[in-house]
Amino acid sequence: MKTVLNVIWLVLSGFWLFLAYMVAGVLLCITIIGIPFGIAAFRIGIYALWPFGYTAVERRDAGAPSCVGNVLWLVLAGWWLALGHIATGIVLCVTIIGIPLGIANFKLIPVSLLPMGREIVRTDQAFASTSW
């Protein structure tokens with residue numbers, strides 16, 4: 001089922017999100033200061049290309065630089081990316097077929113809002129690594 005949803009996602013919105021994040025990543029990597037943000041944009045772009053079966057988890061070893069980077073990202077790009085995912089998710093949830101795609105868009109909001117200090121992993125790895 002994940003493969004079917006990923007193919008539908010790829011055709012309807014994933015490819016365009018992927019291209020947008022890749023262009024943003026290339027533009028951000030032009031300056032030395034923007035390289036960490038460009039790498040984050042590349043990570044989000046790959047996640048946006050194939051979101052079903054993957055999830056974002058927080059890295060516990062991420063320190064103060066990722067916090068500062070998240071604040072800068074939030075002010076400069078994160079808020080409008082999150083708003084775009086919210087608007088697209090709401091529009092996709094209007095139809096029954098689009099509900100899983102809308103939920104996938106909502107799943108991208110935390111990563112697009114605060115990407116530093118997060119890692120994209122397979123969902124089975126994320127649940128296996130949590131200690132209860």
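I'd like the carbon and sulfur percentage of the solvent accessible area for the chain, probe radius 1.4 Å, heavy atoms only, ligands and nucleic acids excluded. Could you put the intermediate results ahead of the total?
Numbers: 6210 of 8030 Å².
Of all accessible area on the chain, carbon and sulfur atoms account for 77 percent.
So if I take the alpha carbon set of the chain, get Rg, then get Rh from the Kirkwood formula, what is the Rg over Rh ratio?
Checking Rg against Rh, the ratio lands at 0.97.
With r defined as the distance between the Cβ atoms of Thr31 and Arg122 and R0 fixed at 41 Å, what FRET efficiency is calculated, to the nearest 0.05?
So the FRET efficiency works out to roughly 0.80.
What nm distance separates the two modelled labels at Ala62 and Trp79, each placed 7 Å from Cα along Cα→Cβ?
Going from the Ala62 label point to the Trp79 one covers 2.0 nm.
Can you work out the accessible area per residue across the chain, with the rest of the protein chains kept in place, probe 1.4 Å, in square angstrom?
For the chain, the per-residue accessible area is 61 Å².
Return the Rg/Rh value of region 55-100, two decimal places, where both radii are evaluated on C-alpha atoms and Rh is the Kirkwood radius.
In region 55-100, Rg relative to Rh is 1.17.
Provide Rg and Dmax in Å for region 60-132, with only Cα atoms included in the calculation.
Values for region 60-132 (Cα only, Rg and Dmax): 14.7, 42 Å.
Using only helices, what value at 222 nm comes out for the chain when you add -39,500 (n - 2.57) per DSSP H run of length 4 or more and divide by the total residues, to the nearest 500 deg cm²/dmol?
When only DSSP H runs of four or more count, the value is -18500 deg cm²/dmol.
Classify region 6-61: rounded, prolate or oblate, from the alpha-carbon gyration tensor (a ≥ b ≥ c, eigenvalue square roots; a/c under 1.5 rounded; otherwise prolate if a/b is larger than b/c)?
Here region 6-61 falls in the oblate category.
The values are calculated or read from the model by the stated rules, or taken from the named source; none is laboratory data. No experiment lies behind these values; they were computed from the predicted model shown. Glycine gets a Cβ as well: all are built from the backbone with ideal geometry, and neighbour counts include every protein chain shown. We work out accessible area using only protein heavy atoms, side chains counted, and drop any ligands, DNA or RNA first. Shrake-Rupley method; radii C 1.70, N 1.55, O 1.52, S 1.80 Å.
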